[in-house]
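Report on one structure; see the data block that follows.
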């Protein structure tokens, strides 16, 4: 594996191949598919957060002219308790997967799909939905951790189906799963401590906030029993597998065509509407398109978990962390499966602490089944941990970065789950913070006499995900290359994959045409999730280029009639090791292929491991209006170890994007529910995402600590950037006002509520 930093194309900023089509409106997204005879699908959703379904009468809807199909859960064939590996690689119940697509027996959140209609127009479909009669037995809903765990809470799932049995003590509760990580002697560790700090935070449900709503079009062919699906999803092979399992159609009979994707961030992992479009098409014999509106996106797809997190950390007076615990309660939504293990395992990931105890609890509530969102679960636990460490630094009067550096994890440090770190960059990240002028410069003066200013720092981590990938490349006679991947391009991965291919051959990336192929046209490629796309698919591209390089060298040796081992291909030329007069450019060679042996196609397949973890850090300066509670961010610097920045512009974009999303989570965003479990802010007017007025320019500091688990030393980039903003902003607010706000979001109303209290002693440092 290449450790040299002297690359020809790696680390450069070539133009993105999809840029022109996207800015001119020519790029095709999920909703842009229009087939002859297209029908429009609409989904009837529950108005109740918790209710038994007594009956569903669809007869009147079927009789409307222009209605071709009406479906309910009875049309989904799989009803058993078999465990299924979902798009994130997590084992889940096939029954729950089916019930979340179309409810069977019980609805568990407002917006839960109950039935669906396919008609000649959206208006006819909506008219048909209005005629479907559903009789409900309404039950009491629970929409947060506290109410779900209260003594008299209704039990949402009487006999939950999970990958591993829950502890006996949680039977007949809404805790449907639990985990524990234990290392060392906790009691002795705290006895050795001179100072012990405890924190507790409540976080709210938030959405990934992607621009493009989900859309899927399905076409069933009765003649050959084949199904085609066009969709915007982060993993089209995984969509194929889910639809296959739910409808009992062989995977070989399903072709999924990926469209451009207008953002995802983990929110387009689960197949919500693809199975419904498929069964409507199969039943009607016509193509069917389902496109969600923004309200459906908020209420019916998978937001990230809210929860309660408690951290306790002990330290000696010289700043050595001796023991730590963390209790994490995360909302799973309607069905089991929050990212509770990840939240626990990563809580103390930046640090080497000899005695650890972490407990996680997966709690069902009457909300949409939660999904992934950049480093899922980690921002919740990091919030409590990083604020506790900040408190320790204040109590001991130790610089907060020096404290973290003193206890920093390094190669060989054992994580909470017992695994050992490979080569990691936590210390390099901390040193970069120390050396940056933002850390040493004075805070700005308040812009108003009613304002107070503060500075906060925090660190974060994400372990990232491995996976399988396939890349194929074809030489074109005009001297270009077509590069075919199975990776959904969710963050500029077409160009980053291209660069990794181009580096091997020394061919300009602009002469390579990358494309994302459907499931019939490329080998299996796992979903673009967990910061894995550039890592695993770039590795496959690297292998593909090596394969092509060997073929090119062999072909040239045959043309020159020289031993194969005397020819080498580099920097876009084949040259002879023994005769300086012998050389041929790639473009010239490409024009000769037909007459010298035929086409050359390279291929690369990997089951990539070694993605390693990525560490991040934030410094934030802010001011608070003490009369209103409003926070203004004045300056923000984001640090991250990326291993090697394949395309620095995209790396910066990932860092800035994750940071802004973290700012939104920390200060503005939350699902608001009424007493009946209905979301009251399901629009972008009412759901408060950050705007350009809310954030300054995010200064990005790229740290490159080589990852030996990748040919070019790259690490995943997209996850860990969202982790530090929550605690960094919390630490800055505490620095400004002298006490902590124990709730996220730290919105003006929440901050003012605590500011205006007569006694803030329980929140005082």
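Data overview
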| read-out | value |
| --- | --- |
| Residues residue 596 and residue 6, FRET efficiency given R0 of 41 Å [Cβ-Cβ distance, rounded to 0.05] | 0.80 |
| Estimated 222 nm signal from helices in the chain, with DSSP H stretches of n ≥ 4 weighted -39500 (n - 2.57), rounded to 500 | -7500 deg cm²/dmol |
| Potential lengthening between residue 180 and residue 21 on full extension [0.36 nm per residue; Cα-Cα distance subtracted] | 52.3 nm |
| Most to least packed among 640-650, 445-455, 287-297, 370-380 [average Cβ atoms within 10 Å] | 370-380, 640-650, 287-297, 445-455 |
| Difference of contour (0.36 nm per residue) and Cα-Cα distance, residue 83 to residue 164 | 28.1 nm |
| Packing rank of 218-224, 621-627, where each peptide gets the mean count of other beta carbons within 10 Å, highest leading | 621-627, 218-224 |
| Per principal axis, descending, Cα span of the stretch 123-281 in whole Å | 73, 38, 32 |
| Stokes-Einstein D in µm²/s, Kirkwood radius over Cα pairs - the stretch 371-416 at 10 °C with 1.306 mPa s viscosity | 129 µm²/s |
| For the stretch 626-765, the fraction of alpha-carbon pairs in successive 10 Å shells from zero, as % | 11, 34, 29, 19, 7, 1 |
| Radius of gyration, Dmax [the chain; alpha carbons; angstrom] | 27.3, 91 |
| Modelled FRET efficiency - R0 25 Å, residue 675 with residue 52, Cβ distances, 0.05 increments | 0.80 |
| Spread of Cα-to-Cα distances over 10 Å intervals beginning at zero, given as percent, for the stretch 178-240 | 12, 21, 17, 15, 16, 11, 6, 1 |
| Segment residue 419-residue 63, extension gain: residue separation times 0.36 nm, minus the distance between their alpha carbons | 122.1 nm |
| Estimated inter-spin distance, residue 686 and residue 172, nm [label 7 Å along Cα→Cβ] | 3.9 nm |
| Bridge type composition, the stretch 224-348 - antiparallel percent by DSSP, nearest 5 | 65 percent |
| Column: log10 I(q)/I(0), Debye, Cα scatterers of the stretch 561-635, q = 0.14 Å⁻¹ | -0.71 |
| Dimensionless Rg/Rh of the stretch 620-671 - Kirkwood Rh, Rg from C-alpha atoms | 1.10 |
| Rounded D (µm²/s) - the stretch 586-696, Kirkwood Rh over Cα pairs, Stokes-Einstein at 20 °C, 1.002 mPa s | 111 µm²/s |
| When the stretch 648-725 is reduced to its Cα atoms, the Kirkwood hydrodynamic radius in Å | 14.8 Å |
| For the stretch 594-650: span of alpha carbons on each principal axis (Å, largest first) | 79, 26, 17 |
| Spin-label model distance (nm) - residue 627 vs residue 560, 7 Å beyond Cα toward Cβ | 8.0 nm |
| For peptides 271-278, 22-29, sequence by mean Cβ density within 10 Å, most packed first | 271-278, 22-29 |
| Stokes-Einstein diffusion coefficient of the stretch 331-395, Kirkwood radius over Cα pairs, 10 °C, 1.306 mPa s, in µm²/s | 123 µm²/s |
| For the stretch 429-572, convex hull volume per residue from C-alpha positions, Å³ | 200 Å³ |
| Distance (nanometres) between label positions extended 7 Å along Cα→Cβ at residue 123 and residue 477 | 5.4 nm |
| Whole-number Å³ per residue for the convex hull built on Cα positions in the stretch 211-268 | 74 Å³ |
| FRET efficiency, residue 226 to residue 38 (Cβ-Cβ, R0 25 Å, nearest 0.05) | 0.90 |
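A short reminder: the numbers here are calculations on the coordinates, not readings from a lab. Keep in mind it's a predicted model, so treat the numbers as computed, not measured. Glycine also receives a Cβ, built like all others from the backbone with ideal geometry; neighbour counts cover every protein chain displayed.
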